[in-house]
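Take a look at the structure set out below.
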Amino acid sequence: MTPEDLPLYLLPEAGPEGLTDAVSGGMVAALSWQEGAAPFLVRDTFDQELRTSGRMLIATEGRSELLQPGGAPLCQAGGTAARFVADFPEGPVKAALSDLSPLRCLLPVGAGALRRGTLALLDDEQKTQARAVLLELDATDGGRATVLQLQGLRGYDKALARLRRMIEAAGGSALDDDALYSQLFPGLDAYSPKPVVPLDRYTEAFDAASDIIAAYLPVARANEAGVIADDDTEFLHDYRIALRKIRSVLSLFKDVYEPELTAELKTRFSALMVPTGRLRDLDVYLLERDAFYGMVPDSLHAGLDRMFALFAEERKEAQKALSGHLRSAGYRKEITALIKLFDKRKKLAQGKRADLPAYDFACKLIWKRYRKICAIAEGIDAGTPDHEVHELRIHCKKLRYLMEFFTPLFPAGPFKRLIKPLKKLQDNLGLFNDYSVQQESLQEFLGRLEGGTPGNLQVAQSVGALVLVLHERQLAERARVVDSFAAFNSDETRQTFRDLFHGGKE
Amino acid sequence: MKIIACYSNKGGVGKTATSVNLAYALAQGGRRVLLCDLDPQGASGFYFRVKPSKKLTEARFFEDVARFTKAIRGSDFDNLDILPANMTFRDFDVFLARMRNSRSRLKKALKAVKGDYDVILLDCPPNISTLSENVFRASDAIVVPVIPTTLSQRTFEQLKEFFREHDLPVKKLHGFFSMAQGVKSLHGDTMDEMRREHGKRLLKSAIPFTSDVERMGVHRAPVMVSAPSSTASTAYGALHDELVARVFGK
């Protein structure tokens with residue numbers, strides 16, 4: 001009968017050979033390997049979603065196999081060349097990958113040769129009473145690993161327990177951590193787009209700022225190759241977020257560096273951001289394509305077809321330009337210089353609050369920002385001009401960044417209870433802003449359209465309709481702001497802010 | 001779920017070899033199969049190296065669902081489980097009725113251990129009186145090996161007669177020629193005559209008499225495993241295909 005689902009084991013590097021010597025309870029262990037080896041390729045998203053969730057996706061012989069902790073491996077035909085999960089043919093592997101980001105492509109992690117085998121526990125009549133299926137992976141530029149899956153046969157529970165004990169005694173460990181990756185691909189670095197920067201209450205503000213910047217610079221660098229290769233749109237997104245975090249440290253951590261140095265660094269990091277803006281805007285348009293089509297009636301879709309064709313063309317150019325920029329000597333020199341600057345830190349002139357302890361510093365900054373937000377929000381009503389709402393959004397964003405930077409200094413529970421409603425408020429303000437920015441940039445796009453070109457009238461009609469819908473949506477978001485803020489700034493939130501950042505005082 | 005009985009009212013006609021290979025072929029075709037070894041003289045369990053279960057007594061067997069599920073043994077092959085012999089099966093039709101009833105405790109217990117079956121294949125003892133006619137009633141198909149001799153011809157007719165007398169649908173009977181020897185003119189003549197007489201009640205496939213089948217006792221495995229490219233294996237494959245088309249529909 002179908003074998004019961006049992007956890008996967010990773011065998012020690014010696015493999016299963018030693019297991020056959022162990023004879024127990026009148027039974028013999030027999031090991032057999034299938035003839036020949038097949039090439040395999042392991043893939044993962046760049047931010048290692050599979051690795052960090054304990055899974056491994058293997059492409060071999062036209063099939064996709066997914067090893068996962070606590071269950072039998074999944075297998076389906078095809079998908080070996082699928083770039084995104086959506087490109088997989090329907091099947092159990094695709095279904096199990098549905099938690100991966102739809103925006104992230106699968107990139108090769110490592111390749112090698114695999115062979116399959118069976119380890120069977122036979123009784124005195126040569127009947128198999130328990131079995132383990134073996135998968136031996138031999139990485140080309142790495143190590144070797146044998147994964148083993150126990151398969152029980154109905155009615156032979158004792159033999160299964162015996163085989164399990166044998167495997168555990170031989171050093172087999174349940175496949176539930178990073179061991180398979182580190183054994184197979186020892187050179188593989190861990191990557192996280194959100195590095196955790198260790199801080200304590202007494203870390204000096206200067207060190208805290210420099211540590212955070214030093215942690216985000218490599219994140220930006222790590223994403224360069226994916227932007228150049230145009231693997232997926234998340235590379236540029238994460239590249240920009242890393243730089244934006246650095247810029248926010250420079251503007252939020254007041255007087256940690258000397259004013260002239262702060263100004264200079266701000267200029268230099270802004271200069272790094274500038275060439276990325278247009279490509280990101282176009283990426284967002286193209287990703288939101290379906291949403292835009294949904295905003296206008298079918299009769300206006302032809303105009304959108306043409307608009308998106310123009311965007312796609314422009315994107316090609318923008319991508320080429322940016323990848324040229326990232327490969328240029330000038331850029332490389334600048335980014336390595338910045339990395340060196342925050343690595344050595346000798347040339348970083350300290351400001352007057354450089355040696356403030358991180359905790360005091362954080363409390364001051366967060367409390368001040370929170371008070372500012374309250375002051376603006378309390379004045380907001382239906383008649384408040386848009387630019388004040390924008391200002392509220394920016395302050396909220398800064399508050400969020402500050403809180404994220406200093407997370408390790410505060411108790412996790414109350415901190416989470418503040419972040420959650422703040423996030424909700426930010427979602428509201430974010431949409432308000434997106435709709436407004438999109439209207440502006442679509443109007444700017446209209447301005448650039450040449451009236452004489454055939455088809456452009458159609459585009460103009462469609463864009464006009466889009467702007468109208470976006471305007472309506474912006475108004476709707478605008479109407480929600482007062483309520484969102486009230487929901488965020490509950491009595492409980494106010495008290496928590498006071499307790500955490502202002503010694504409980506008003 | 002379908003119940004297929006493999007039955008012959010005459011011994012030594014290759015019934016157990018048929019049960020074993022048919023069970024294997026059905027499992028290979030992706031169906032989840034439970035082969036029940038009901039024939040105390042038969043050896044379908046022996047061919048799968050499954051030791052007979054000694055602990056079970058009939059009375060407790062049918063009272064206790066857990067005991068039943070515990071008696072089932074996994075074969076060495078995917079999708080194929082064995083219910084070993086060494087029991088008396090007087091109330092076997094009760095068991096089959098419970099297997100049919102999706103709300104029975106037995107069925108629920110099997111589902112709970114992912115042991116629900118697509119096919120239950122019965123290797124029946126060669127005597128109608130031992131096995132209740134109710135088993136015939138419960139089965140979707142009765143597969144009957146027939147050696148193309150005059151004697152076998154008569155027993156097949158007797159079986160048809162038994163079905164008519166007991167108001168059992170004769171359409172459930174699926175005879176086929178077993179241990180057929182092409183060189184024997186008697187075999188050839190009998191086969192022609194029987195095909196004329198019984199028409200659709202005989203499958204087109206025939207299993208030839210070969211030493212590969214006889215050696216199953218040495219290999220203790222289906223001939224489709226020990227000699228997969230033999231004529232016997234090909235013939236069992238064809239028998240499986242034909243039977244599946246009849247029982248499960250195309």
* What are the pairs, 6+ residues apart or on separate chains, where a residue within the stretch B:220-238 that is within 14 Å of chain A (Cβ to nearest Cβ) and under 22 Å from B:LEU203 (Cβ atoms) has its Cβ under 7 Å from a residue that is assigned to a loop (DSSP other than H, G, I, E, B) and not basic (Lys, Arg)? -> none
* Only residues that are in a helix (DSSP H, G or I) and touching a residue at least 40 places away in the same chain (Cβ under 8 Å): list them for the stretch A:439-455, please. => A:SER441, A:PHE445
* Among residues of the stretch A:149-185, those that are assigned to a helix (DSSP H, G or I) and either within 14 Å of chain B (Cβ to nearest Cβ) or at pLDDT below 85 (or both), counted -> 5
* Structure fact -> Taking the stretch B:194-220 and keeping residues surrounded by 15 or more Cβ atoms within 10 Å (Cβ to Cβ) and part of a strand (DSSP E or B) leaves B:LEU202, B:LEU203, B:SER205, B:ALA206, B:ILE207, B:PRO208
* Asked: If we keep just the residues of the stretch B:221-250 that are farther than 19 Å from B:TYR47 by Cβ and assigned to a loop (DSSP other than H, G, I, E, B), which is modelled with the highest pLDDT?
  -> B:SER229
* Please identify the pairs in which a residue from the stretch A:482-506 that is within 21 Å of A:ASP360 (Cβ to Cβ) has its Cβ atom under 9 Å from the Cβ atom of a residue that is part of a helix (DSSP H, G or I) and among the hydroxyl-bearing types (Ser, Thr, Tyr), counting only partners at least 6 apart or on another chain. => A:PHE497/A:TYR370; A:PHE501/A:TYR370; A:HIS502/A:TYR370
* Return yes or no: is A:LYS94 among the basic types (Lys, Arg) and either at pLDDT 95 or above or assigned by TED's automatic domain parsing to the domain that holds A:LEU236 (or both)? => yes
* Structure fact -> Subset of the stretch B:27-52, residues part of a loop (DSSP other than H, G, I, E, B) and within 12 Å of another protein chain (Cβ to nearest Cβ), comes to B:GLY30, B:ARG31, B:ARG32, B:PHE48, B:ARG49, B:VAL50, B:LYS51, B:PRO52
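Residue check: is A:ALA337 in the same structural domain as A:ASP283 (by TED's automatic domain parsing), over 25 Å from the mean Cα position of the chain (by Cα) and either at pLDDT below 95 or more than 16 Å from A:LEU250 (Cα to Cα) (or both)?
Working: in the same structural domain as A:ASP283 (by TED's automatic domain parsing): yes; over 25 Å from the mean Cα position of the chain (by Cα): yes; either at pLDDT below 95 or more than 16 Å from A:LEU250 (Cα to Cα) (or both): yes.
Considered against the rule, which asks whether it is in the same structural domain as A:ASP283 (by TED's automatic domain parsing), over 25 Å from the mean Cα position of the chain (by Cα) and either at pLDDT below 95 or more than 16 Å from A:LEU250 (Cα to Cα) (or both), A:ALA337 comes out as yes.
Of everything in the stretch A:289-304, what is part of a helix (DSSP H, G or I) and touching a residue at least 60 places away in the same chain (Cβ under 8 Å)? Give them in sequence order.
Restricting attention to the stretch A:289-304, the residues satisfying the condition of being part of a helix (DSSP H, G or I) are A:289-295, A:298-304.
Within the stretch A:289-304, A:PHE292, A:MET295, A:LEU300, A:HIS301, A:ALA302, A:GLY303, A:LEU304 qualify.
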* Asked: Just a yes or no: is a residue in the stretch A:163-180 free of Cβ contacts under 8 Å to residues at least 40 places away in the same chain and of a type outside the set (D, E, K, R)?
  -> no
* Asked: For the stretch A:76-115, what are the residues that are part of a strand (DSSP E or B), surrounded by 14 or more Cβ atoms within 10 Å (Cβ to Cβ) and either in contact with a Ser or Thr (Cβ under 9 Å, 6 or more places away or on another chain) or of a type in the set (D, E, K, R) (or both)?
  -> A:GLN76, A:LEU107, A:GLY110, A:ALA111, A:GLY112, A:ALA113, A:LEU114, A:ARG115
* For the stretch A:245-288, what are the residues that are under 22 Å from the mean Cα position of the chain (by Cα) and not in a helix (DSSP H, G or I)? -> A:GLU288
* Would you call B:HIS187 within 30 Å of B:LYS51 (Cβ to Cβ) and not in a strand (DSSP E or B)? -> no
* Asked: How many residues, within the stretch A:380-421, are over 25 Å from A:ARG247 (Cα atoms), part of a helix (DSSP H, G or I) and among the hydrophobic types (A, V, I, L, M, F, W, C)?
  -> 1
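The values are calculated or read from the model by the stated rules, or taken from the named source; none is laboratory data. Source: prediction; values computed, not measured. Cβ coordinates were reconstructed from backbone atoms using ideal geometry, including for glycine residues, and neighbour counts include every protein chain displayed.
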